[in-house]
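The next block holds one structure in the form of structure tokens; read it before the comments.
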Amino acid sequence: MYRIGEEEIKAVSELILNGKMWRYTENSNALNFEKELSTWMGSEYTLALTSGTGSLICALVALGIGPGDEVIVPAYTYIATAMAPLALGAIPIIAEVDESLTLDPNDLENKITDRTKAVIPVHINGLPCDLDGIMKVANKHNLYVVEDACQAFGGEYKGKKMGTYGDIGAFSFNYYKLISCGEGGAIITNNRDLFDKCSIYHDCGIGFFSKDRNIEMPYFAGINMRISEVLAAILRVQLTRADGILKDLRDRKAAFSEIIKQNEYVKLSPVNDVDGDCGVKIGIVFDDADKLQQVMSESSAQELELGLECPFYSNRHVFSNWEAVMEKRGSLNEKLNPYTGVEIEYKKDMCKISLDYLERTLYIANDPDLPIDNMIERAKQLNGIIKTVYK
Ligand SMILES: *Cc1c(COP(=O)(O)O)cnc(C)c1O
């Protein structure tokens, strides 16, 4: 979460005072948020939900994913991307990321079997995936595409918002995301049939919406992921902040990057669309993982607060740390565990290319509210440390 304040407080107090804390009231915040988000994204339909994980699950349900199906996910993503297929008895198949730390289209193609139904490309850290490459492979092999844009709210690829390329785009509004209401999510799609299926599933398969929504297909069983009106009221205000946050993040990343470009020992992480990147983090690639570690130690020794992080050590984001997946505990109930009787093997040292890139990438946290001069100062300090380590 970057920005929140009086406007959100006002929106929530107005809601509390009028007492209509239910999304299915006339002119509800949820309904308005969905309309506003559709317009903002350039997408036909939006359904607000309770979480990003729920949004991914809802998307996979709507696409008919189920037991025995394989869903390809990248080796580097928040663990929820792999949990979503498992929740439906489908199996996550882990594919390499390339140097941009997003899904490698070539390895996506390598991992396709006759059981593969879908792929979830993840725009991790606000970075656009190679959507041209991924869509090409997906179209060639008839795979559904669910874009996990949970960390990439408002970012673009070639002038179109991330989340609008695949069959469905999924977002999260939890505390760590670009806009936030503490916990929340949404799916967007241009497909009315998929939207209706998401609507049915997210509202216990029967729906309080039945009459005004004109859903013609037979209802099927679902669960409850209805957005709270309180959260929707906050999200409507948050949405108005998104463009400003994105601009400030991008300006700071650009200024920081200019300084790093002058460094002969390292390079900036490649980005599939520099203009569309949300700018959440600045990535630097080292030729040597030890040197990267020395830079981190030196930065702490000098007590600099540069927001440095090596993604290799993130326990929730690197596949080798997804214990339930690695150990094939796909469900507590053995009969619901998709791995039961299935020959599939995960190894902590598979996806070696991804592990190598992760170990040699240094991330710097960006901050839209830090004066840009301070950001430039940080870049210079980091440059200095890198030079000392390499000399
Ligand atoms: C945050 C996140 C999710 C899950 O979102 P929740 O709202 O926490 O359920 C899924 N995928 C990625 C890449 C995320 O960053």
| What span do the alpha-carbon atoms of the chain cover on each of the three principal axes, reported in whole Å from largest to smallest? | 70, 55, 36
| said: I'd like the trypsin sites (Lys or Arg not before Pro) in the stretch 291-390 restricted to DSSP loop residues with at most 13 other Cβ atoms within 10 Å, sorted by number. | reply: ARG316, ARG329, LYS347, LYS348
| remark: Applied in sequence order to the stretch 264-271, the curve 6.51 cos²θ - 1.76 cosθ + 1.60 (Karplus, θ = phi - 60°) yields integer Hz couplings, x standing for Gly and Pro, of 7, 8, 10, 9, 5, 4, x, 10
| task | Give me the lysines in straight-line cross-link reach of LYS347: C-alpha distance below 24 Å, same-chain residues under 8 apart excluded. | result | LYS111, LYS117, LYS328, LYS335
| Under-5 Å amide H pairs with LEU49, H placed in peptide plane, nonlocal only | GLY185, ALA186, ILE187
| field | Sites matching GluC sites (Glu not before Pro) across the stretch 315-391 that sit in DSSP coil, with at most 12 neighbouring C-beta atoms within 10 Å | value | GLU327, GLU343, GLU345
| remark: Quick calc, the chain, dipole around Cα centre from Cβ unit charges on Lys, Arg (+) and Asp, Glu (-), nearest 20 debye, gives 440
| task | Report the accessible area of MET296, computed with a 1.4 Å probe over the heavy atoms of all protein chains in place, in Å² rounded to the nearest 10. | result | 40
| note | Filtering trypsin sites (Lys or Arg not before Pro) in the stretch 116-209 by DSSP loop and by at most 14 other Cβ atoms within 10 Å leaves LYS158
| request: Calculate the translational D of the stretch 330-373 in whole µm² s⁻¹ from Stokes-Einstein, where the hydrodynamic radius comes from the Kirkwood formula applied to all Cα pairs, the temperature is 10 °C and the viscosity 1.306 mPa s. | output: 106
| note | Expected unfolding gain across GLU309-VAL230 under the 0.36 nm per residue rule, minus the alpha-carbon gap, is 25.0 nm
| query | Taking the alpha carbon gyration tensor of the stretch 1-116, what are the square roots of 5 times its eigenvalues, largest first, to the nearest whole Å? | reply | 36, 18, 13
| query | Tell me, in nm to one decimal, what length is gained between GLU377 and LYS10 on full extension, where the rule is 0.36 nm per residue of separation less the Cα-Cα distance? | reply | 128.4 nm
| Percent RCO, i.e. relative contact order, over the stretch 103-165, from Cα pairs under 8 Å lying at least 6 residues apart | 36
| said: Expected output is a single nm value to one decimal: the length gained when fully extending between ASP287 and GLU44, i.e. 0.36 nm times separation in residues minus the C-alpha distance. What is it? | reply: 83.0 nm
| note | At 4 °C in a medium of viscosity 1.567 mPa s, the stretch 192-346 has a Stokes-Einstein diffusion coefficient, with Rh taken as the Kirkwood radius over alpha carbon pairs, in µm² per second, of 61
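The values are calculated or read from the model by the stated rules, or taken from the named source; none is laboratory data. Just so it is clear, the model here is predicted, and its values are computed rather than measured. Note that we place each Cβ from the backbone using ideal geometry, even for glycine, and neighbour counts take in every protein chain shown. Please note that ligands, DNA and RNA were not included when accessible areas were found on the heavy atoms of the full protein model with its side chains. Shrake-Rupley method; radii C 1.70, N 1.55, O 1.52, S 1.80 Å.
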